[in-house]
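I have placed the structure first, in the form of structure tokens, so that the comments after it can refer back to it.
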Amino acid sequence: MLRTLILGLLGATALTGAAFAQGTGTITVYTSQPTDQMDAVVKAFNKDHPEITVEVFRSGTTELMSKLQAEFAAGSTPADVMLIADAVAMTQMKNDDRLFAYDDAATEGIPAELVDPDHTFFGTKLLTTGIIYNTDKVTTPPTSWHDLEAPEVAAQTIMPSPLYSGAAVVHVGTMVQQDDLGWGYYETLADNGAVAGQGNGTVLEAVARGEKSYGMIVEYMAMNAKKDGSPVDFVFPKDGVSTITQPVAILKDSDNIEAAKVFVDWQLGRAAQEQSVEQGYFPILDGVTPPEGYPAPATLTIMKADPAVILKDDQQLKQEFSDLFGG
């Protein structure tokens, strides 16, 4: 399914949305997107839709989900829209009947694989997790996940924790479903001295500063840092990358559904997709070119994983990871 998704980026027969929604007033967006990027998103959105005020609460996906669960237990949440790292967390929200079914969302040009069949959430971009390394410290770049297993390499490796990062939940959940990796891979890394930080930002900081030589990270953070002059580079491992789609969804109990629809439609449109490219993301809208220096999506090897298994095993996955790396 994921390989079909990638091929679809280059020209898919997609679902067709109806006319764009209209709305006014204020919406609150809960997001895991970095603060500086989200600020730019809101500014660009308001350029097109000054009639809608956007308030933002930003945190890691895991912490956002915990906050939402606490708010639901208390009776209500101020959130109108969710824009978070992974479809696994969104699937949980859908299963809990917390999402609004937006049947007329503007999905024309979006690969069908990125659209929830019930139209409760929609992928907005494609993010892959691969390997970052410090170019001042590494003379022979890794090409495979297995290159990180060597004791001298593992001892210089840092990764994000699924206890903090939704992207890390998907990545670990994907890696352990691979026959040639599995939990044995993480046990080897732990035995040889690899460590876990919190989110992807901690990985970037550690590798860019030279505290660690290697890291597992979402590609756009590494590529953006490289573009800005940090001594880092990024590898799309030959044995495959995990993927997330940063889905957007409307909360079923939102008190401003119409304005929330406008935000969702905008996220799926060309203006937002071109901004995603500027921010270093693979776009998901047919006809929008990936960022400079990125490979063509169809050339990537995508590791297959069952999101339902990741969701079912979520707590066990976090516990096993914590047992190995702490947290």
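Readers should treat all values here as calculations from the given coordinates under stated rules, not as data from a laboratory. Just so it is clear, the model here is predicted, and its values are computed rather than measured. So basically every Cβ, Gly included, is an ideal-geometry build from the backbone, and we count neighbours across all protein chains shown.
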By how many degrees, 0 to 90 and rounded to 10, does the Cα axis of helix 182-191 deviate from the longest principal axis of the chain? 50
With no solvent and one equal point scatterer per Cα, compute the Debye intensity ratio I(q)/I(0) for the chain at 0.06, 0.10, 0.12 Å⁻¹ and report its log10, rounded to two decimals. -0.19, -0.55, -0.80
Stretched fully, the stretch from T299 through L324 gains (0.36 nm per residue minus C-alpha distance, one decimal, in nm) 5.7 nm
If the cut-off is 12 Å between C-alpha atoms, which aspartates and glutamates fall inside it for K137, apart from same-chain ones fewer than 8 positions away? E211, D233
Degrees separating the helix 257-267 axis from the principal Cα axis of the chain, which is the longest one: 50
Tally Lys/Arg at +1 and Asp/Glu at -1 over every other residue whose Cβ is under 14 Å from the Cβ of V232; what's the total? -1
What are the aspartates and glutamates whose alpha-carbon lies under 16 Å from the alpha-carbon of K226, with same-chain residues fewer than 8 places away excluded? D136, E205, E278, E292
Cα centroid separation - segment 311-327 against segment 133-149, whole Å: 26
Could you tally the net charge around H49, taking each other residue with its Cβ under 12 Å from the Cβ of H49, Lys/Arg +1 and Asp/Glu -1? -1
Using amide H atoms built 1.01 Å from N in the peptide plane, name the residues 5+ places from F282, or on other chains, whose amide H lies under 5 Å from its own. L126
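First measure r as the distance between the Cβ atoms of S144 and Q316, then evaluate 1/(1 + (r/R0)^6) with R0 = 25 Å and state the FRET efficiency to the nearest 0.05.
0.40
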Need the list of lysines near K252 for cross-linking: C-alpha distance under 18 angstrom, and skip anything on the same chain fewer than eight residues off. K67, K94, K261
